[in-house]
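What follows is a short report on a single structure.
The values are calculated or read from the model by the stated rules, or taken from the named source; none is laboratory data. Keep in mind it's a predicted model, so treat the numbers as computed, not measured. Positions of Cβ are backbone-derived with ideal geometry, glycine not excepted, and every protein chain shown enters the neighbour counts.
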Amino acid sequence: MAGQSFFDSDHFDSGRVVLPEIELVRGLGKATDVVIGIAGSPENSSLVGASSELKSRAAKAGISLNQLISEGVGGKVDQVAELDLPGLRVVGVGLGADLDLDPEDLRRAAGVGVRRILSRQGTTKRRILVSLDANTTAQVRAVAEGALLASYRFRKLTREPAAPGAESIGILGSSRSCQQGIAAARITSRAVCVARDWTNLPPNLLGPNDLAEQARGYLKDAKIEFEVLDERALEKAGFGGILAVGSGSARPPRLVRLDYRPRGAKKHLTLVGKGITYDSGGYNLKTAESLKTMKCDMAGAAAVIAATRAIADLGLTVHVTAYAPLAESMISGSAYRPSDVLRIFDGTTVENIDSDCEGRIVLADALARANADHPDMIVDIATLTGACMVALGTQVAGLLASDDEAADRLLDAAETAGEEFWQLPITAHARKQLPSEVADLRSKADRYGGALFAGAFLQHFVDEKIAWAHLDIAGPAWNAGTAHDYVPAQATGMGIRTLIALATLMSD
Ligand code: BES
Ligand code: MN
Ligand code: ZN
């Protein structure tokens, strides 16, 4: 089967992502590059994190660091200027107009600085020092995350050696809370970058079983129970949705279940991630243009797998179960058809109006399964609707929830994580459109408000007593443009930091 021998076997394994070493340092040491901040308005700005050691290095060379300011870098977080000292490049990044050092501004600024350093071609491995005067755990964590997330590169599928990246990142600081911030950032950033890698892999190399095996390998050394249901087990248990969506592919579907159950956990959080390894649209075939990015349609599954490992590595005291329904939506003589009636895990029958609605079908099975565990909260995450992208664009994800308390909990988590979500309603009008002429539910209603109908459809599979939130990441999961801040082009890893922050809120 495709993917089993590709160049040399070491080109495709679960250890693809190589993040630079990151540690707390007290001085410039052997750094090749240093990132400092510039805060204030363009007319009245000051340097942030310019240590006395750095100032005297500059003075010895007869150069003033204030030259960075004269380039007009001030209030804006995405601005950057450079200055060369002998053997050391100084990169000044904008930190915002005020001096409050908001974590997300720090995360972005660190990302902008590191990206600028790594964008220079033909350089040797860089030893980067980031000096942005971060002090609290949250600030240091944000700086370290920004730097690590900006260091991510997809290792090309080629025999050519990889371009040199960052060798190490030092964060200037001293306190214990700095250590803790860096340790947390290592864990969260690795999760985000592993998920980016899975999402960037081409669909010939990452079918449903391949992703399940990637997850198995990735979780091997974590304290997480791992289980995969194959097509026979899915059949036996009654997962008619996952089987139907996967039926057109030569590569059969899977359902991955993870369970992290630490001692002393009082709350139970269940995560569900859409894992369509390629969404052709099926018999409702997509256009050539919209097929281009459809390998990203498993970003939700990647997110819940990666987040669960990070939650375990952080040692959070919350019981977390994750479900990743994995299928490839293709066309063939055995593919499911528009107008087929499918039977979901909980017995609900669904009229398949449009085979391109495959996401909500596999999620229905997984949500019904999650519901049977009776957790305190269920959160699903999915590249679900183009309608959500139309509503919120490519950088803000949709949030639909059972009630405002659940929604607010997610929004709080997203705020600490530095990810943007906007709540959309599940309207009575959307619910009214659910019944089908031939089955319990139909999978699609009219064109308008597509993200809301999808939310109403998913909610059917979750008990009213369980808090539930649905994250539609169709827009922000994939960056079709160029890299910005700490976000690379292509797969972004959207949502993972929010899921980790949510588990942190629910941890004892
Ligand atoms: N995977 C797509 C949604 C999507 C679109 C993700 C663009 C990322 C970028 C989903 O399966 C889909 O095809 N949704 C349809 C639903 C429609 C048929 C009701 C859509 O949005 O067009
Ligand atoms: Mn689709
Ligand atoms: Zn899809």
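Among the residues in the stretch 349-369, are any within 16 Å of ligand 1 (Cβ to nearest atom), surrounded by fewer than 16 Cβ atoms within 10 Å (Cβ to Cβ) and hydroxyl-bearing (Ser, Thr, Tyr)?
Taking every residue of the stretch 349-369 in turn, none turns out to be within 16 Å of ligand 1 (Cβ to nearest atom), surrounded by fewer than 16 Cβ atoms within 10 Å (Cβ to Cβ) and hydroxyl-bearing (Ser, Thr, Tyr).
With (1) more than 16 Å from ligand 2 (Cβ to nearest atom); (2) over 28 Å from the mean Cα position of the chain (by Cα); (3) buried (at least 19 other Cβ atoms within 10 Å of the Cβ) as the list, and Ser332 as the residue in question, which single condition is left unmet?
Checking Ser332 against (1) more than 16 Å from ligand 2 (Cβ to nearest atom); (2) over 28 Å from the mean Cα position of the chain (by Cα); (3) buried (at least 19 other Cβ atoms within 10 Å of the Cβ), the one that fails is (3).
Quick check on this structure: which one of Arg369, Arg409, Arg360, Arg343 is in contact with a Phe, Trp or Tyr (Cβ under 9 Å, 6 or more places away or on another chain), in contact (Cβ under 8 Å) with a residue 12 or more places away in the chain, of a type outside the set (A, V, I, L, M) and away from ligand 3 (no atom under 16 Å from the Cβ)?
Arg369
Anything in the stretch 156-184 that is in contact with a strand residue (DSSP E or B) (Cβ under 7 Å, 6 or more places away or on another chain) and either of a type outside the set (Val, Ile, Thr) or at pLDDT below 95 (or both)? List them, or say none.
Within the stretch 156-184, Ala166, Glu167, Ser168, Gly170, Leu172, Gly173, Cys178, Gln179 meet the criteria.
Do we have Thr277 as within 11 Å of ligand 3 (Cβ to nearest atom), hydroxyl-bearing (Ser, Thr, Tyr), buried (at least 18 other Cβ atoms within 10 Å of the Cβ) and assigned by TED's automatic domain parsing to the domain that holds Ala406 here?
Spelling it out, Thr277 is indeed within 11 Å of ligand 3 (Cβ to nearest atom), hydroxyl-bearing (Ser, Thr, Tyr), buried (at least 18 other Cβ atoms within 10 Å of the Cβ) and assigned by TED's automatic domain parsing to the domain that holds Ala406.
Anything in the stretch 461-471 that is within 16 Å of ligand 1 (Cβ to nearest atom) and more than 12 Å from the chain's Cα centre (by Cα)? List them, or say none.
His470
Yes or no: Lys295 of a type in the set (D, E, K, R), farther than 30 Å from Ser507 by Cα, outside any helix (DSSP H, G or I) and within 16 Å of ligand 2 (Cβ to nearest atom)?
For Lys295, the condition - of a type in the set (D, E, K, R), farther than 30 Å from Ser507 by Cα, outside any helix (DSSP H, G or I) and within 16 Å of ligand 2 (Cβ to nearest atom) - is not met.
In this structure, is Ile378 closer than 16 Å to Ala469 by Cβ and either modelled with pLDDT of 95 or more or assigned by TED's automatic domain parsing to the domain that holds Asn209 (or both)?
yes
Identify the residue in the stretch 320-335 that is more than 15 Å from Tyr260 (Cα to Cα) and of a type in the set (A, V, I, L, M, F, W, C) and, among all such residues, is nearest to ligand 1 (Cβ to nearest atom).
Ala327
Could you list, in sequence order, the residues of the stretch 429-475 that are of a type in the set (Asp, Glu) and within 16 Å of ligand 2 (Cβ to nearest atom)?
Asp472, the sole residue that qualifies.
Do any residues in the stretch 212-232 that are hydroxyl-bearing (Ser, Thr, Tyr) have Cβ atoms under 6 Å from those of residues that are not in a helix (DSSP H, G or I), where the two are at least six apart or on different chains, and which pairs are they?
Every condition considered, the pairs that remain are Tyr218/Ser14.
Among Asp210, Asp133, Asp197, Asp221, which is within 24 Å of Glu415 (Cα to Cα) and of a type in the set (Asp, Glu)?
Within the list Asp210, Asp133, Asp197, Asp221, the selection yields Asp133.
Residue by residue, here is whether (1) assigned to a strand (DSSP E or B); (2) within 16 Å of ligand 1 (Cβ to nearest atom); (3) at pLDDT 95 or above holds:
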{"site": "Arg232", "(1), (2), (3)": "no, no, yes"}
{"site": "Lys236", "(1), (2), (3)": "no, no, yes"}
{"site": "Ala265", "(1), (2), (3)": "no, no, yes"}
{"site": "Thr277", "(1), (2), (3)": "yes, yes, yes"}
{"site": "Gly282", "(1), (2), (3)": "no, yes, yes"}
{"site": "Leu285", "(1), (2), (3)": "no, yes, yes"}
{"site": "Val304", "(1), (2), (3)": "no, no, yes"}
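Looking at Ala407, Ala439, which one is at pLDDT 95 or above, within 24 Å of Lys266 (Cβ to Cβ) and of a type outside the set (Lys, Arg)?
Ala407
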